[in-house]
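Participant: First, the structure itself, so that you have it in front of you.
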Amino acid sequence: MKLKQMIILLADDDTDDCIFFKEALDELLLPTKLMTVHDGEQLMHLLANESTELPDVLFLDLNMPRKNGFECLEEIKFNEKLKQLPVIIFSTSFEQDRVNQLFKNGAQFYIRKPSEFAQFIKIIHLTLAMIAQGNSAPQTRENFVLTEQNNFVL
């Protein structure tokens, strides 16, 4: 059985993190197409473009120029065309108040960027497997934060 190609959109201004993400995807050997944008304005223009196929999942960094991840998430979730798009927050910061706000604003999951490549691969694989199985919305606040050690952690 051939797996459907998953279209992944990564919004991150850090070039090294984008390369790291692509290398992790290559290690997984999953049928994926990766698109990247480097600021929030590019992201919203791409998503608003009628000729662009919507991705299956968006990995969204919080700290981007021109329009940050909070602003982009808010726009996405208030847009009728985009609100069903699974948005995975992918950030180095981990402030509990911010995480709580992102959950309330409709992000599906929160991932703190791991520093080790092996952990990075595991968490990307876990996330994509959950999205592919249709598990794109957290059931509770407790399973909102994903880690590579286990499926869910608070």
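The values are calculated or read from the model by the stated rules, or taken from the named source; none is laboratory data. Source: prediction; values computed, not measured. All Cβ positions, even for glycine, are placed from backbone atoms using ideal geometry, and neighbour counts span all protein chains on display.
Participant: What single numbered condition from (1) touching a Ser or Thr at 6+ places or on another chain (Cβ under 8 Å); (2) hydrophobic (A, V, I, L, M, F, W, C); (3) more than 20 Å from ALA129 (Cα to Cα); (4) buried (at least 18 other Cβ atoms within 10 Å of the Cβ) fails to hold for LEU47?
Facilitator: (1)
Participant: Out of the residues in the stretch 71-100 that are hydrophobic (A, V, I, L, M, F, W, C) and over 17 Å from ASP39 (Cβ atoms), state the one that is surrounded by the most Cβ atoms within 10 Å (Cβ to Cβ).
Facilitator: ILE88
Participant: Checking the structure you have, find out if any residue of the stretch 89-99 is modelled with pLDDT of 90 or more, of a type in the set (A, V, I, L, M, F, W, C) and under 13 Å from the mean Cα position of the chain (by Cα).
Facilitator: yes
Participant: Give the residues of the stretch 124-143 that are among the β-branched types (Val, Ile, Thr) and modelled with pLDDT under 75, sorted by residue number. Step through it out loud before you land on a result.
Facilitator: Taking the stretch 124-143 first, the residues among the β-branched types (Val, Ile, Thr) are 124, 127, 131, 140.
The answer is THR140, and nothing else.
Participant: Which one of these is more than 13 Å from PHE144 (Cα to Cα) and among the charged types (D, E, K, R): LYS67, LYS104?
Facilitator: From the options LYS67, LYS104, the qualifying one is LYS67.
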